[in-house]
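Asks: Structure incoming, see below.
Bear in mind that the values in this text are calculations on the coordinates, not laboratory data. Source: prediction; values computed, not measured. Heads up, the Cβs are rebuilt from the backbone with ideal geometry, glycines too, and the neighbour counts pull from every protein chain shown.
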Amino acid sequence: MATTSKQPEKHHIESSPLVISDSFEGYPLNFFNLPLHYRDDLKSVLIPYGLVQDRIEALASRIFSDLHIHIPEQLICMCVLKGGYRFFSDLVSKIQNENRLRNDRSLPMSLEFIRVRSYINDHSTDQTEIIGLSDLNSLKDKHILIVEDIIDTGVTMVALKKELEKFKPKTINVVSLFTKRRNDKKCIFKPDYSGFEVPDHFIVGYALDYNEYFRDLEHICVMKESGIIKYKVAGG
Ligand code: HPA
Ligand code: MG
């Protein structure tokens with residue numbers, strides 16, 4: 001048997017997103033079990049639920065490894081509602097698994113929930129409003145992990161981070177399940193951790209909505225143009 005003195009390479013989980021290329025149009029709908037009420041509005045399944053879960057587990061492991069060293073106190077996990085709620089719930093529970101299964105290290109967490117509103121229809125608006133942070137002064141000297149569903153233009157995240165920095169937390173890390181590869185290259189924010197980089201389509205499912213529809217869909221799907229028109233709201 002061949003021997004080698006080389007140490008096995010340390011398994012390193014990527015904090016940068018898994019890139020879904022423009023040439024990938026997604027999986028055909030008829031290979032998936034989709035709710036009847038949305039079937040006609042979707043073009044394809046871009047990222048199946050199972051893959052989303054696998055990537056979140058990997059992100060949880062990476063975040064745990066990175067942050068437990070620097071953060072002996074509680075890490076404030078801050079869920080950006082509503083779109084982030086499923087990602088937040090799955091990410092936190094996967095970090096809890098790490099805590100439960102390891103005796104050598106741990107990452108204590110507390111949970112916060114905020115809302116940021118900046119979207120009408122499928123485009124970004126300039127208005128950004130942050131709701132739900134009651135005791136802002138309690139953030140002083142704390143470590144925050146912002147948990148977001150998707151970073152598109154990055155405008156919302158820049159505004160949110162700026163707002164939070166006013167209250168002097170010790171660190172702010174941002175994890176976003178998706179980042180969008182915008183055709184106009186206008187994204188102004190790169191998260192510390194990201195699950196997937198997606199092409200410039202409007203995606204829905206796994207709590208990501210289009211005007212409050214499609215949150216109740218498991219897979220990440222691309223909408224049909226007819227679906228975008230069907231659920232459009234006035235004024236957007
Ligand atoms: N889907 C849902 N919400 C979003 C998106 C998207 O593609 N981009 C920004 N917010
Ligand atoms: Mg969001």
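Asks: Apply the Kirkwood formula to the chain: the hydrodynamic radius equals the inverse of the mean of 1/r over all pairs of different alpha-carbon atoms; give it in Å with one decimal.
Replies: 19.0
Asks: Restrict the search to segment 7-90; then list the trypsin sites (Lys or Arg not before Pro) that DSSP places in a loop and that have at most 13 other Cβ atoms within 10 Å of their Cβ.
Replies: In loop regions of segment 7-90 (DSSP not H, G, I, E or B), the sparsely surrounded trypsin sites (Lys or Arg not before Pro) are K10.
Asks: OK, next. Springs between alpha-carbon atoms under 10 Å, Gaussian network over the chain: tell me which of D40, D104, D22 tops the mean-square fluctuations.
Replies: Ranking D40, D104, D22 by mean-square fluctuation puts D104 first.
Asks: Further question: Using a Cα-Cα cut-off of under 30 Å, which lysines could be cross-linked to K166, ignoring same-chain neighbours fewer than 8 residues away?
Replies: K82, K140, K142, K180, K185, K186, K190
Asks: Taking 0.36 nm per intervening residue step and subtracting the Cα-Cα distance, what contour gain separates S93 from E163 on full extension?
Replies: 22.5 nm
Asks: Between T171 and K82, what is the label-point separation in nm under the 7 Å Cα-to-beta-carbon projection?
Replies: Distance between label points: 3.3 nm.
Asks: Right, another one. Roughly how many debye, to the nearest 20, is the charge dipole of the chain about its Cα centre, given +1 on each Lys and Arg Cβ, -1 on each Asp and Glu Cβ, and no other charges?
Replies: Once rounded to the nearest 20, the dipole reads 400 debye.
Asks: Between R215 and L111, what is 0.36 nm times their sequence separation minus the Cα-Cα distance? Round to one decimal in nm.
Replies: 35.3 nm
Asks: Can you figure out the FRET efficiency of H12 with D184, using R₀ = 25 Å and their beta-carbon distance, to the nearest 0.05?
Replies: On the way: r = 32 Å, r/R0 = 1.30.
It comes to 0.15.
Asks: What helices in the chain pass both tests, a Cα length along the helix axis of 20 Å or more and a mean Kyte hydropathy of -1.0 or higher, using whole DSSP H runs?
Replies: 49-70, 85-101
Asks: Another question about this same structure. Run through the DSSP bridge list for the chain and note the antiparallel percent, rounded to the nearest 5.
Replies: 35
Asks: Each residue of segment 191-200 in turn: what ³J(HN,Hα) in whole Hz from Karplus with 6.51, -1.76, 1.60 and θ = phi - 60°, glycine and Pro shown as x?
Replies: Whole-Hz 3J(HN,Hα) from phi for segment 191-200: x, 5, 9, 8, x, 9, 9, 10, x, 7.
Asks: A follow-up question, please. Report the FRET efficiency, 1/(1 + (r/R0)^6), for N33 and A234, where r is their Cβ-Cβ distance and R0 is 35 Å, rounded to 0.05. Before the final figure, lay out each step's value.
Replies: Details: r = 33 Å, r/R0 = 0.95.
Calculated transfer efficiency: 0.55.
Asks: Using only alpha carbon pairs under 8 Å that are at least six residues apart, calculate the relative contact order of segment 79-216 and give it in whole percent.
Replies: The value is 24 percent.
Asks: Using only DSSP helix segments of four residues or longer, with each worth -39500 (n - 2.57), what per-residue ellipticity at 222 nm results for the chain after dividing by its residue count and rounding to 500?
Replies: -7500 deg cm²/dmol
Asks: In µm²/s, what is D for segment 150-190 at 20 °C and 1.002 mPa s, where D = kT/(6 pi eta Rh) by Stokes-Einstein and Rh is the Kirkwood radius from Cα pairs?
Replies: Result for D is 194 µm²/s.
Asks: Of F202, F178, F167, which has the largest mean-square fluctuation in a 10 Å C-alpha GNM of the chain?
Replies: Highest fluctuation among the options: F167.
Asks: Assuming R0 = 35 Å, what is the FRET efficiency of K140 and D54, from their Cβ-Cβ distance, to the nearest 0.05?
Replies: Calculated transfer efficiency: 0.45.
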